[in-house]
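Okay, structure first, notes after.
The values are calculated or read from the model by the stated rules, or taken from the named source; none is laboratory data. Just so we're clear, the structure is a prediction, and the values are computed from it rather than from any experiment. Every residue, glycine as well, gets a Cβ built from its backbone with ideal geometry; the counts of neighbours run over all protein chains shown.
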Amino acid sequence: MSASSKDIRVIRNSLYIEPISSCNLHCRMCYANVVNGEGRMIRAAGQVLDFVRRVVATADDQVGVYWCGTGEVFLHRDFPQMVNQLLAEYPEERLSHNIQTNGMVRRLKEFTALERLSFNVSIDGSREFHEWHRGKKTYDPTIAFCREAFDRGARSVMVRTLLTRRNIWDLDEFYAELKERIGPKVELAVGVIYTNEVLRPVRRRANAIAQVDIDDNIAISREDALQILADKYQNRYELDEDPQAVQNYLSLNTYGVFSCCHGILKMGEPEDDVNLLMERIVASENRCRACAMFPCM
């Protein structure tokens, strides 16, 4: 299936949450509109918890929460406490948790049930490539975060790597190092970055997307990445995407509720009725298909 012909699939039991706009890193290829300092934006814990509870109440099966940040979610003062509260209120069959992090903020000891948590951690290849992107002295602390998560009993740890024209050639060596330093159960997911060509048309409509150009000088296209993954690795590594459809779902960030993690098509506010928000997502299919980033996965 070609990317442009993908279907749009509404995922009713998936919830994406970005409760803070801050970040502790300055990544060259990051397209998030990070807002630090006095202007930073934060969703209060009570508001986030209320929204999650109302989403779960409308679902017939398990809801999966993907915690992220328009930057770094662990910078939210109440983040572990929010997760702990939900862990106490809902069993696994009602609510699961996946946490995206850069691994530079060590607060794992604050969780009460780490065995129910999955972590996605950003490591962009070997030390050279990772620190080119995320800054000096970020590689070893991030590796240590992943190892600590396993040591404390985390359900899973997946390393997410942004592919470039440089680091795509060393995936076997990189994955071998991850297994040696983190553990044999570590997983690896790879993806390509969104370039300035893709981002520029949507910036004015999306407060959560960086309003200035990123460094995309060594970006690799999806098509070239797929070719190399097939030729060099016999597809042992696959792009972290749904090959059949673009997924729409409830996405709460500091600007409102949207239909996907990019925060482009606004559906309403967290106080709005959840069923109404879902109806708006279903009705937004044509707007999604007309978005300059389509298909975004």
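The table below gives the values:
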item	result
Pairs, first without any contact (Cβ under 8 Å) to a residue 12 or more places away in the chain in the stretch 104-130, second surrounded by 18 or more Cβ atoms within 10 Å (Cβ to Cβ) and part of a helix (DSSP H, G or I), C-beta under 9 Å, six or more apart	128/139; 128/167
Qualifying strands (runs of 3 or more DSSP E) (wholly inside the stretch 58-168; at least 3 residues being modelled with pLDDT of 95 or more, within 30 Å of residue 273 (Cβ to Cβ) and of a type in the set (A, V, I, L, M, F, W, C))	63-67
Conditions (1) surrounded by fewer than 15 Cβ atoms within 10 Å (Cβ to Cβ); (2) under 17 Å from the mean Cα position of the chain (by Cα); number of the one not met by residue 217	(2)
Residue in the stretch 36-52 that is within 18 Å of residue 100 (Cβ to Cβ) and basic (Lys, Arg) present	yes
Residues being free of Cβ contacts under 8 Å to residues at least 60 places away in the same chain and under 13 Å from the mean Cα position of the chain (by Cα) - total across the stretch 67-102	9
Residues satisfying the stated conditions in the stretch 155-181, i.e. more than 18 Å from the chain's Cα centre (by Cα), farther than 21 Å from residue 27 by Cβ and buried (at least 16 other Cβ atoms within 10 Å of the Cβ)	175
Considering residues of the stretch 254-297 that are among the polar types (S, T, N, Q) and under 19 Å from residue 13 (Cβ atoms) only, the residue surrounded by the fewest Cβ atoms within 10 Å (Cβ to Cβ)	275
Residue list for the stretch 92-110, filter: closer than 28 Å to residue 162 by Cα, in contact with a helix residue (DSSP H, G or I) (Cβ under 9 Å, 6 or more places away or on another chain) and not charged (D, E, K, R)	96, 97, 99, 100, 101, 102, 103, 104, 105, 108
Output for the stretch 26-44, where each listed residue is surrounded by fewer than 18 Cβ atoms within 10 Å (Cβ to Cβ) and in contact (Cβ under 8 Å) with a residue 40 or more places away in the chain	26, 28, 41, 42
